[in-house]
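A quick write-up on the structure given underneath.
A short reminder: the numbers here are calculations on the coordinates, not readings from a lab. Quantities reported herein were computed from a predicted structural model and do not represent experimental measurements. Glycine gets a Cβ as well: all are built from the backbone with ideal geometry, and neighbour counts include every protein chain shown.
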Protein chains: 2
Amino acid sequence: MTDIAMIEAARARLDGHARVTPLLSSPFLDDIAGRRVLVKAECLQHTGSFKFRGAWSAISALSPEDRARGVIAFSSGNHAQGVALAARMHGIPSVIIMPADAPALKIANTRAYGAEVVLYDRVKESRDEIGARLSKERNLTLIKPFDEPLVIAGQGTSGLEIAEQAQALGIDKADVLVPVSGGGLLSGIALALEAKAPGFVTYPCEPENFDDMTRSLVSGKIERNASLSGSLCDAILAPQPGDITFPIVKRLAGPGLVVTEEQALHAMALAFTRLKIVVEPGGAVALAAALFHGETLGETVIAVCSGGNVDGEVFRMALEKFPD
Amino acid sequence: MTDIAMIEAARARLDGHARVTPLLSSPFLDDIAGRRVLVKAECLQHTGSFKFRGAWSAISALSPEDRARGVIAFSSGNHAQGVALAARMHGIPSVIIMPADAPALKIANTRAYGAEVVLYDRVKESRDEIGARLSKERNLTLIKPFDEPLVIAGQGTSGLEIAEQAQALGIDKADVLVPVSGGGLLSGIALALEAKAPGFVTYPCEPENFDDMTRSLVSGKIERNASLSGSLCDAILAPQPGDITFPIVKRLAGPGLVVTEEQALHAMALAFTRLKIVVEPGGAVALAAALFHGETLGETVIAVCSGGNVDGEVFRMALEKFPD
């Protein structure tokens, strides 16, 4: 299981390869939220999302022999790009199995990062079967997107940075809002903060209709989403919390915060105007919660903007809908 | 005159108040440019541009008595916001004289940062007369936008960061491309690099038809722009190089690089897709030069993206024109 020692070991492996992402803020966002809002800009990580951290953590921890044979991953986008670039930087092959309806930009980028992309039909084909066959044929190591201790440890390095950057600003108490899909980023950050910033509490943030983690925390057991598509928040539509991540989230996180797609788009537009960063819809749900659902939160909120891989068309739509 | 000791003193005053902005990169941009491209993301500085550095440097160096009376500045936008926020953070009043045709976002932000904004007609009124009258009436200190050693020292702190961040990546030779208007940022960076990274050479970058610095370097004396408006690069349309900045630029910088407005918009779109940052047209001219005018440059180019205060409409237009 992931613990703080594993997260610190991951940070040592990531050092000089991953970016330390900045903690941004704007008095305009503070005014909207009615409290202090800090934004951890994980969209500025390599490949445009935090996923590079977990991918690098897992690949760098493989034995040289296993690593040389290559890795395989399933992903609709951000994990794909993280694994593809981390593999290329290690000089090893990668195969990424992606749904054919993933955003065009994410598929193109994954290929351009040097991965062999295998597309499948979400409805008619089983990605697990395709993956099992390719893994066996080529002896590839599977890099899971979230339910893997080394990946959780990699995402947790973002939590170490949050603790240090916030403490440098004199903050010893904060609510840390994290976009959630399978829960890898949230559980990594929660574990890091448990050890390094005990006054910080994490909260999962999700889009309406894809609030499996929120409902799981209410019922106390893993609940599924009714649907796996149909949201602009494509980055965070995992079917259910992970078997490894859920117990960590249950033990450490506060209740879930659910935002509408419109609020996520509004948060994207405000991040554009006020922070000068590009955030994708799924990556903006925590900022949306900080800005529009702050009633239950404390004086200082840290919102993780987890990714920025959004097509220009969707981004233009957000700016047009929310010009101010 | 500004020297490295003044720049280091400015950094000490800025410490904990200004942001250390990240040095970003993308393999996709390297491929386009045919060389390694690093981007100093000054758009992520407070108020969305490097101008906060110079404003803070100048205001923080005033005597407590002078400072308490307040400051005044002339600016079409980014300097205005930098001075307004730096003044507010010092708890002192500021008056900003802005042309009535400045971008709406910049005027609104300057007001929201707490400044008293006085608008004037560029054609019919003299901003100098308005400024002189207000300064005299209220005993305000003028914070010049570039031709002021303390302001140059503040902008130079960005150069100190560039030297350290690039050296941490093992880079000891680079061409550093800087958007130029009056030359404050360029001369500050050039002075910092002269002392801290002698293998780095700075180059001024300008939009077509507003290439006063480039022409001044060719002729050896200060040349003026024929026009002062009519470009999307509103942030960098000073009439001519400064009397203080020009000799520094002449001594330390390479020849100017001139880009078209279309190339600046294309660079903005690529910064959106590949770096997840928001850059305004004037702030993108150095990145445009790195991507599209690299023939004369070396293997490693560092492009400063100097600001991100762009209206949503212009940004959407850039994304629509350059979707890839």
- Return A:Ser75, B:Ser25, A:Ser227 ranked ascending by Cβ neighbour count within 10 Å, so the fewest neighbours appear first. A:Ser227, B:Ser25, A:Ser75
- For region B:173-237, what's the relative contact order in percent, using C-alpha pairs closer than 8 Å and at least 6 residues apart? 33
- Quick one: angle between helix A:312-321 and the longest Cα principal axis of chain A, in degrees between 0 and 90, rounded to 10, please. 20
- Note on the structure: Note, B:Glu137: beta-carbon cut-off 14 Å, +1 each Lys/Arg, -1 each Asp/Glu, net +2
- Considering only B:Arg53, B:Arg133, B:Arg111, give the residue with the highest GNM mean-square fluctuation for chain B, with springs between Cα atoms whenever their separation is below 10 Å. B:Arg133
- Given H placed on each backbone N at 1.01 Å, which residues far from A:Tyr120 in sequence or on other chains put an amide H within less than 5 Å of it? A:Met98, A:Ala100
- To the nearest whole number, what is the average tally of beta carbon atoms from other chains within 10 Å of the beta carbons of peptide B:313-323? 3
- Dimensionless Rg/Rh of region B:52-142 - Kirkwood Rh, Rg from C-alpha atoms: 0.95
- Note on the structure: Ignoring GluC sites (Glu not before Pro) buried by more than 16 other Cβ within 10 Å or outside DSSP loops, the longest site-free run in chain A is A:1-124
- Item | Top of B:Val83, B:Val118, B:Val279 by mean-square fluctuation, Gaussian network on chain B, Cα under 10 Å | B:Val118
- Query: Helix A:51-60 sits at what angle to the longest principal axis of chain A, using alpha carbons and giving 0 to 90 degrees rounded to 10?
  - Reply: 40
- Item | Radius ratio Rg over Rh of the protein assembly as shown, counting only Cα atoms, Kirkwood formula for Rh | 0.98
- Using the Cβ atoms and a cut-off under 11 Å, what net charge is assigned to the surroundings of A:Ala288, where Lys and Arg are +1 and Asp and Glu are -1? -4
- Task: Determine, for A:Arg69, B:Arg11, B:Arg67, the number of other Cβ atoms within 10 Å of each Cβ, and report the residues in order from fewest to most.
- Result: A:Arg69, B:Arg67, B:Arg11
- Within 10 Å of each Cβ in peptide B:273-281, how many partner chain Cβ atoms are there on average? Round it to a whole number, please. 6
- Which one of A:Val117, A:Val180, A:Val304 has the biggest mean-square fluctuation once chain A is modelled by GNM with Cα springs under 10 Å? A:Val117
- Task: For each of B:Ile302, A:Ile4, count neighbouring Cβ atoms within 10 Å of the residue's Cβ, then give the residues from fewest to most.
- Result: A:Ile4, B:Ile302
- If amide H atoms are built 1.01 Å from N in the plane of the peptide, which residues on other chains or at least 5 residues away come under 5 Å of the amide H of A:Ile302? A:Leu38, A:Asp175, A:Val176, A:Leu177
- Message: Restricting to bridges with both residues inside the protein assembly as shown, how much of the DSSP beta-bridge set is antiparallel, in percent to the nearest 5?
- Response: 10
- Looking at chain A, send over the antiparallel percent of its DSSP beta bridges, to the nearest 5. 10
- Message: Averaged across A:294-307, how many Cβ atoms of other chains sit within 10 Å of each residue's Cβ atom?
- Response: 0
- Loop-only check: which trypsin sites (Lys or Arg not before Pro) in region B:215-295 are DSSP coil with at most 15 other Cβ within 10 angstrom? B:Lys221, B:Arg224
- Tilt, helix A:78-90 to longest principal axis of chain A (alpha-carbon atoms), in degrees rounded to tens, equals 60
- Pairs to check: A:Lys124/A:Lys276; A:Lys51/B:Lys40; A:Lys51/A:Lys221; A:Lys276/B:Lys221; A:Lys144/B:Lys276. Give those whose C-alpha atoms are more than 31 Å from each other in this structure. A:Lys124/A:Lys276; A:Lys276/B:Lys221
